[in-house]
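Heads up, the thing below is written out as structure tokens.
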Amino acid sequence: MITINQETCKKCKFCIDVCPCNVLRINEKEEVCFIPEREVICLKCGQCMAVCSTKSIKVNGFSYDNDLIDLPENNVDYQNFIDFLANRRSIRNFKNKPVSDETINQIIASISYAPFGAEPEKVNVTIVNNRKKIESALPHIEGFLDNIVKWIENPVASFMIKRKKGQETFNTIKNHLYPIAKLENYKLKFGDRITRNAPAIIIFHANKKAEEHTNNSLIYATYVMLAANSLGLGATIIGIVPAAINKTKEVREIFQIPVENEAVISVIIGYPKYKYKRTIKRNVQKINWID
């Protein structure tokens with residue numbers, strides 16, 4: 001529940017305004033108070049605590065000392081932000097150089113500042129900072145990709161994929177993954193074109209029924225990718241590894257993903273082998289302004 005220190009509360013009502021679920025109100029004593037019957041819909045987003053200038057609000061499970069920090073004075077301007085984004089590239093060639101656990105912990109720390117849809121604590125993060133472990137999974141992922149070719153070329157299997165996974169996923173498999181796998185691009189005889197010799201991989205997964213776990217995982221993966229770039233590392237979001245985890249027992253066991261969990265997305269991380277001279281600016285297909 002939410003408690004409010006009435007002795008220090010300035011009654012500015014900012015907390016009432018920022019609460020997305022209208023959990024706070026002014027009572028008959030003109031005090032800001034918590035509405036008990038609305039406790040069940042409190043998101044525990046911390047907005048009320050973050051906006052309170054006198055630290056008068058306490059949400060159960062949160063404290064100003066442990067869970068909130070004062071906003072830093074410095075902030076990046078738009079041009080510096082765009083320049084940072086422009087310098088980020090999806091890296092597919094990595095140096096034979098390990099990444100320290102300390103550096104990966106710095107990258108993971110960025111998730112603490114990410115927005116979320118609901119129940120962020122239900123997303124699990126598995127860090128595999130072991131190239132040999134990653135390599136042990138590659139033959140099984142290769143086999144999974146061989147099966148993708150067989151499934152798409154089988155009318156019954158193809159129909160079942162479309163029915164179970166939906167049109168978007170089916171089109172991604174059929175129009176993107178299938179032709180690449182069909183031409184043996186992922187065959188290990190040509191080298192590792194799956195995890196690209198990356199020394200580390202971060203996998204986001206959650207119970208299949210967990211609220212918003214897909215959106216949360218994608219948001220977190222984006223933060224991880226940008227954080228890696230800020231530390232001089234390269235990163236690429238990879239969808240093949242999670243797909244293989246969900247369909248192949250051996251891959252799931254190697255990466256120790258619980259049976260009840262669904263792997264959503266992964267990010268490979270390492271030191272870039274090459275330094276890029278330019279970036280690609282892609283056009284947005286359609287922008288509609290509605291007056």
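Order of ASP101, ASP70 from fewest to most other C-beta atoms within 10 Å?
Details: ASP101 11, ASP70 7.
So the residues, fewest neighbours to most, are ASP70, ASP101.
From the phi of every residue in the range 159-166, what ³J(HN,Hα) in whole Hz does the Karplus formula 6.51 cos²θ - 1.76 cosθ + 1.60 yield, where θ is phi - 60° and glycine or proline is x?
5, 5, 4, 4, 5, 7, 9, x
Give me the Debye-computed log₁₀ of I(q)/I(0) at q = 0.19, 0.20, 0.21, 0.24 Å⁻¹ for the range 176-291, equal point scatterers on Cα only, no solvent, two decimals.
The calculated log intensity ratios at q = 0.19, 0.20, 0.21, 0.24 Å⁻¹ are -1.19, -1.25, -1.29, -1.38.
When you take every Cα atom in the range 2-59, what is the radius of gyration, and what is Dmax, the widest Cα pair distance, in Å?
When restricted to the Cα atoms of the range 2-59, Rg and Dmax are 10.2, 27 Å.
Long-range amide H contacts for ASN124: which residues qualify at under 5 Å (H placed 1.01 Å from N, peptide plane, sequence gap of 5 or more or a different chain)?
Those lying under 5 Å, H to H, from ASN124 are HIS205, ALA206.
Over the chain, with a Gaussian network built from C-alpha contacts below 10 Å, which listed residue (GLU253, GLU31, GLU142) shows the highest mean-square fluctuation?
Between GLU253, GLU31, GLU142, it is GLU31 that shows the largest mean-square fluctuation.
Pick out which of ASN147, ASN215, ASN246 has the largest mean-square fluctuation in a Gaussian network model of the chain, springs linking Cα atoms closer than 10 Å.
Fluctuation is largest for ASN147.
I need TYR271, TYR220, TYR78 ordered by Cβ neighbour count within 10 Å, fewest first. Walk me through the intermediate numbers first.
Working: TYR271 19, TYR220 24, TYR78 7.
In increasing order of surrounding Cβ atoms, one gets TYR78, TYR271, TYR220.
Take every Cα-Cα distance within the range 100-187, group them into 10 Å bins from 0 onward, and report for each bin the whole-number percent of pairs it holds.
Result returned by the calculation: 14, 28, 27, 28, 4.
Name the long-range amide H neighbours of ILE265: under 5 Å, sequence gap of 5 or more, or other chain; modelled H, no Pro or chain starts.
PHE204
Take the range 20-150, drop everything but the C-alpha atoms, weight them equally and run the Debye formula without solvent; then report log10 I(q)/I(0) at 0.10, 0.14 Å⁻¹ to two decimals.
For the requested q values the scattering log ratios are -0.64, -0.98.
By counting other Cβ atoms within 10 Å of each Cβ, how are LEU188, LEU24 ranked from fewest to most? Intermediate values should be presented prior to the final figure.
Numbers: LEU188 13, LEU24 21.
Placing the least packed residue first, the sequence is LEU188, LEU24.
Mind checking the dipole of the range 2-59: about its Cα centre, +1 per Lys or Arg Cβ, -1 per Asp or Glu Cβ, Debye to the nearest 20? If you can, show how the numbers build up before the last one.
Working: 9 positive and 7 negative charges, 39 e Å.
The calculated dipole for the range 2-59 is roughly 180 debye.
Which residues in the range 176-201 place their backbone N less than 11 Å from a point set 7 Å from the Cα of ASN154 along the Cα-to-Cβ direction?
No residues fall inside that zone.
Name the most mobile residue of ASN175, ASN129, ASN96, meaning the one with the largest mean-square fluctuation, in a Gaussian network model of the chain with Cα contacts below 10 Å.
Result: ASN175 has the largest fluctuation of those listed.
State, to one decimal in nm, how far the label point of ASP291 lies from the label point of ILE108, with both points 7 Å from Cα in the Cβ direction.
5.3 nm
How big is the Kirkwood radius of the range 76-291, worked out from every pair of different alpha carbons and given in Å to one decimal? Don't skip to the end; give the middle numbers.
Values: mean 1/r = 0.0538 Å⁻¹.
Over the range 76-291, the inverse of the mean reciprocal pair distance is 18.6 Å.
Dipole size in debye (nearest 20) for the chain around its Cα centre, Lys and Arg Cβ +1, Asp and Glu Cβ -1? Walk me through the numbers on the way to the answer.
Working: 41 positive and 31 negative charges, 361 e Å.
Rounded to the nearest 20 debye, it is 1740 debye.
Helix-derived [θ] at 222 nm for the chain: sum -39500 (n - 2.57) over DSSP H runs of at least 4, divide by residue count, nearest 500? Before the final figure, lay out the partial values.
Numbers: 10 runs with 107 residues, N = 291.
After summing the helix terms and dividing by residue count, I get -11000 deg cm²/dmol.
Read the figures in this text as sums done on the coordinates, not as results from a lab. These figures come from a predicted structure and were not determined experimentally. Quick reminder, even Gly has a Cβ in these numbers, built from the backbone with ideal geometry, and neighbours come from all protein chains shown.
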